[in-house]
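The values are calculated or read from the model by the stated rules, or taken from the named source; none is laboratory data. Everything numeric in this text was worked out from a predicted model, so none of it was measured. Note that we place each Cβ from the backbone using ideal geometry, even for glycine, and neighbour counts take in every protein chain shown.
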Amino acid sequence: MLEILTSDAADRYRVVVGGAVDRTAERLAGVVSPTTDTPAAVLRDRVAGVDLDRPLGSADAALAEVDDLFTAEAVWFHDPGYLAHLNCPVAVPAVAAEAVLAVVNPSVDTWDQSRIGTEIERRVVRWAAETVGFPTGDGIFTSGGTQSNLHALLLARQAATSDGRTATPDGRTAAADGPAVASTRRVPVLDDLVVLATASSHFSVRKSAMLLGLPERAVVDVATDAAGRMRPDALAHAIADVRREGRTPMAVVATAGTTDRGCIDPLEPIADVCDLEDVWLHVDAAYGCGLLVSPTRRGLLDGIERARTVTADFHKSFFQPVSSSALLVRDPADLGLAAWHADYLNPEDADEPNQVDKSLQTTRRFDALKLWTTLRASGADAIGRAFDTVLDVTERVHDHVAGHADLELVAPTQLSTVLFRWQPEGVSEAEADALVAPIRAALLAEGRVLVAKTVVDGRPCNKLTLLNPSTSAEQVVSALDHVVATAERLHAARATHTTSTTGATR
């Protein structure tokens, strides 16, 4: 029998969920590494061995299996050894709010499905917009930065065409309720639209261009300075070149926190160029949005208030559970560029504040409750101080790597990434490059320290991403010591293998 959560099942809910919470808390208390050393093949076999057509017969048994199969083998982002990606430990009040969401199960697409939820989300969005510097701004919660960037570029595309209509290949426009009609002015065809960004911008910019029907050449890379930040002078030249080719600059995407370097494009002078050229400015602050509430580093985002749209991932530097992201707009009317109305759901003449009018999604989670609860419990200053702590630790780790005899600091950061390469004296570039991927793989297989890998300026390197305010510089240095020891072991094994192979062929 399927157990459904109803008022009559409140006691059963308390027992089942309470048991799951107890098991998970016990696992949490016992975490000693970011993950286990269970081989990948074993994990696959264990999952494949579960017959989903043969139920266990009770929620208790199923949750005990979840504890053994998933929780025991999970990757824990709060562990000091987790240094791989933009994943954060989460605020306790937000976790509790997530539990409330699961019980009530609201959808905040229309007013009648979640009246108070709609009001709470609207309040959180207004707060976030004001924090960016949009005093009369608006926005909508999304599934993540990828969706926020897609939504922003959709709005920019609509604005770049005639009155928000989509241009057809022949330059005519298709209205929402009819066929293509003649335009009173030249409408840019989709093949002519251009998005300007840097090569370090998030891959979702290029993916969004594809989803929006733009050609592969639509995303133009703007030159950067030595630190990887967009050069405003190069942006101005790129816009001029685009127009000289007869194409239309649809949007400029500036990044406030690139994934690898953690650098922030100079927003103020970029905004100057966009204002002068009348081009839509979108700021992708998915990573760097925590600076909005930083007591010491807010100035790094000076100029963000001049953007037309902003992406903020609260599930990164605001320490919220996934998912918690928002697209914020300076002018609320811009959200109407992609509005769509359905008679059964959100008719155009509806008096209620139906948020589906502003969203790409229909059914949508009430993720705003998590940030609301965190703000009410701890306040924005506490979030900002936590992010500042992460950045302070990162600075100390950078100094350590820069002074390490066997490590090369590949690039500076303005946020919390550490790009490095193991290359002691006597090890060639080719040898060091060849070890980057094996170092990561060996560490992942062991489960004690997790790092990432990437490519910077044409060469592979390893990467740490710090997002845990509870992790100390000493703990990160200890993790790096283990990385170095792993690199030395792998290098020695390769040297031995090469020697034995050479000897065998003589």
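Structure above, values below:
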{"read-out": "Among the candidates V50, V108, V103, residue that is under 30 Å from G290 (Cα atoms), loosely packed, with under 12 Cβ neighbours inside 10 Å and touching a helix residue (DSSP H, G or I) at 6+ places or on another chain (Cβ under 8 Å)", "value": "V103"}
{"read-out": "Selected residue (criterion: nearest to A91 (Cα to Cα)) from residues of segment 53-80 that are surrounded by 10 or more Cβ atoms within 10 Å (Cβ to Cβ), over 25 Å from the mean Cα position of the chain (by Cα) and of a type in the set (D, E, K, R)", "value": "D67"}
{"read-out": "Segment 316-330, subset among the polar types (S, T, N, Q) and surrounded by 24 or more Cβ atoms within 10 Å (Cβ to Cβ), residue farthest from L360 (Cα to Cα)", "value": "S317"}
{"read-out": "Segment 85-121, residues that are touching a residue at least 24 places away in the same chain (Cβ under 8 Å), of a type outside the set (D, E, K, R) and assigned to a loop (DSSP other than H, G, I, E, B)", "value": "H85, L86, N87, C88, P89, V90, A91, P106, S107, V108, T110, S114"}
{"read-out": "Sole residue being farther than 26 Å from G257 by Cβ, of a type outside the set (S, T, N, Q) and either modelled with pLDDT under 95 or out of contact with any Gly (no Cβ under 9 Å at 6 or more places or on another chain) (or both), chosen from P89, P39", "value": "P39"}
{"read-out": "Close pairs from segment 151-162: first in the same structural domain as D192 (by TED's automatic domain parsing) and touching a residue at least 24 places away in the same chain (Cβ under 8 Å), partner of a type in the set (D, E) and in a helix (DSSP H, G or I), Cβ under 7 Å, at least 6 apart", "value": "L155/D334"}
{"read-out": "Residue under evaluation F387, criteria (1) touching a Cys at 6+ places or on another chain (Cβ under 8 Å); (2) within 30 Å of E130 (Cα to Cα); (3) among the aromatic types (F, W, Y), criterion not met", "value": "(1)"}
{"read-out": "Residue within segment 53-65 that is within 27 Å of L371 (Cα to Cα) and assigned to a helix (DSSP H, G or I) present", "value": "no"}
{"read-out": "Hey, T465 touching a residue at least 12 places away in the same chain (Cβ under 8 Å) and touching a Leu at 6+ places or on another chain (Cβ under 7 Å) or not", "value": "yes"}
{"read-out": "Members of segment 282-315 that are more than 10 Å from the chain's Cα centre (by Cα), among the aliphatic types (A, V, I, L, M) and not in a loop (DSSP other than H, G, I, E, B)", "value": "V283, L291, L292, V293, L300, L301, I304, V310"}
